[in-house]
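The values are calculated or read from the model by the stated rules, or taken from the named source; none is laboratory data. What you see is a predicted model; the values in this text were computed from it and never measured. Please note: Cβ atoms are built from the backbone with ideal geometry, for glycine as well, and neighbour counts cover all protein chains shown. To get the accessible areas, we keep the full protein, side chains included, count just its heavy atoms, and leave off ligands, DNA and RNA. Shrake-Rupley method; radii C 1.70, N 1.55, O 1.52, S 1.80 Å.
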Protein chains: 2
Amino acid sequence: MKIPKSHPRYASLVRREKLVQGWRDGIVVPEGLIAQGRGEAFDYLLGEETPAPALVAEKAAAAHLLTADRPVISVNGNVAALASKEVVRLARTVSARIEVNLFHRTEARVARIVKKLRAAGARDVLGPRPDARIPGLESRRALCHRDGIYSADVVLVPLEDGDRTEALVRMGKTVISVDLNPLSRTSQRASVPVVDELTRAIPNIEKFARELRADRQEARRIARTFHRGGNQRATLDYLAWRLKGLEARRKRRG
Amino acid sequence: MKIPKSHPRYASLVRREKLVQGWRDGIVVPEGLIAQGRGEAFDYLLGEETPAPALVAEKAAAAHLLTADRPVISVNGNVAALASKEVVRLARTVSARIEVNLFHRTEARVARIVKKLRAAGARDVLGPRPDARIPGLESRRALCHRDGIYSADVVLVPLEDGDRTEALVRMGKTVISVDLNPLSRTSQRASVPVVDELTRAIPNIEKFARELRADRQEARRIARTFHRGGNQRATLDYLAWRLKGLEARRKRRG
């Protein structure tokens, strides 16, 4: 399907097409399509643009990744389908490793995602031969790499499940999530919850990382002073305000 | 996957499983899975139960179906996967015809959905050999039956697309939608927008229809006095209130 650029929801429709393509390519699972829909609903409420509190969280995320000893970016099927290039670029900017980590893990799907990341410019992607386990998770969902997520101090987990986010926090890591639902367990548990759409969030984090790269002291200050509770409150206030605005607009239309 | 009944989101997870099964059976398309996710997000905000304004709309929907001359229930892939039995029961209670009507139409998928509805007890389902067109819609999306949707005075369109809802309203029909997004074009355009989850909404409508069946005069009164704007306002107020409540709960938890 060809989507005209003039369509008011062009970006959202392009993402949906990418995801359906990812599903055809065996990268995205049906549950990933449903998860995308949940995100779309929240993004609609956000007005499909990055709200101010998300920018603050994205800057804090950049600061954490930059000042980390062993930063890792975790990639699943939806992330690979939607933002392989953006992830590879960010990993390069903050010198992070990339690890493929699937909730519905099959080795064939891991291999396809690694291939897609390589095509987007990634070198040495972790994922195919996991040699460690995240404590407290069942069977295949616990699999990870000793050199990757297992020993990371800062992990970026875009579109991650709540159980895994929680397990990584319990391991003492700084966990940065990207999740459009501000009330999800992932957003509630992450150290730095970014409530923004993936393909906006990753380039934003990358841009902030470029800006902060020259000033490590400032990066450390920003990482230290990010106030999680205040940021989440601002996000929810913004969402309630948007809902009121949408209602008012509807009334004006008649 | 076996979901324990004790799971706090049991009903929601069962629906998701049904839909993924529908997709495996070739009844549900990928876009349908994404749409389900959007619904899940709004249902989460509603607290996964029928809010009071939805009950009012459901009663009005029952009244309209009961007092119609030619009521029709439109069924697509998601509706068939989630609520075939419920739809067949409602059709029987209000003497409505059932017509399979697909946004992403293929004849094979129409046939599979008809088969599923028959297995759920439906007789003479329309859909396979359309002989009319809904004016103002492009190509395959316009196809319908002269004896069904085309000449219906009241149409129930659960999980329907905005363009089609609008086109049916333009034809002068009373259009009842079931859509969890109170701000969607479907909800904004329908004559009676039911903002509730499908598998709760259809049995509710059916229950109200049973109650009203003995009193046609009361049914006519309810159909006539339903106030669309007031009902939508009440839904949005409820949603904003829920959002505030979720925020307060989050704060109490720390």
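Some notes on this structure:
- In the stretch A:195-213 there is at least one residue that is more than 18 Å from A:ALA52 (Cα to Cα), open to solvent by less than 80 Å² (accessible area, probe 1.4 Å) and either among the charged types (D, E, K, R) or modelled with pLDDT of 95 or more (or both).
Residue by residue, here is whether (1) within 14 Å of chain A (Cβ to nearest Cβ); (2) within 30 Å of B:LEU246 (Cα to Cα) holds:
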position: B:ARG9; (1), (2): yes, yes
position: B:LEU19; (1), (2): yes, yes
position: B:LEU55; (1), (2): no, yes
position: B:GLY77; (1), (2): yes, no
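- Flag for A:VAL88 being among the hydrophobic types (A, V, I, L, M, F, W, C), surrounded by fewer than 23 Cβ atoms within 10 Å (Cβ to Cβ) and modelled with pLDDT of 95 or more: yes
- Residue satisfying all of: in the stretch B:32-50; of a type in the set (D, E, K, R) and within 7 Å of chain A (Cβ to nearest Cβ); farthest from A:ASN78 (Cα to Cα) among these: B:GLU40
- Pair list, Cβ < 8 Å and 6+ apart or interchain, from the stretch B:70-97 residues that are more than 18 Å from B:GLU58 (Cβ to Cβ) to residues that are of a type in the set (D, E, K, R) and assigned to a loop (DSSP other than H, G, I, E, B): B:ARG70/B:ASP153; B:ASN76/B:GLU160; B:ALA81/B:ASP25; B:ARG97/B:ARG70; B:ARG97/B:ASP124; B:ARG97/B:ASP147
- Odd one out for B:ILE73, checked against (1) in contact with a Lys or Arg (Cβ under 9 Å, 6 or more places away or on another chain); (2) buried (at least 24 other Cβ atoms within 10 Å of the Cβ); (3) of a type outside the set (Ser, Thr, Tyr); (4) within 13 Å of chain A (Cβ to nearest Cβ): (4)
- Residues in the stretch B:219-247 that are more than 10 Å from chain A (Cβ to nearest Cβ) and either without any contact (Cβ under 8 Å) to a residue 40 or more places away in the chain or open to solvent by 70 Å² or more (accessible area, probe 1.4 Å) (or both): B:ARG220, B:ARG221, B:ARG224, B:THR225, B:HIS227, B:ARG228, B:GLY230, B:GLY245.
- Looking only at the stretch A:18-63, and only at residues there that are open to solvent by 20 Å² or more (accessible area, probe 1.4 Å) and hydrophobic (A, V, I, L, M, F, W, C), the one that is nearest to B:LEU46 (Cα to Cα): A:ALA35
- Cross-chain or 6+ apart pairs with Cβ under 6 Å, the stretch A:110-127 first and assigned to a loop (DSSP other than H, G, I, E, B), then open to solvent by less than 20 Å² (accessible area, probe 1.4 Å) and not aliphatic (A, V, I, L, M): A:ALA120/A:SER84; A:GLY127/A:GLU99
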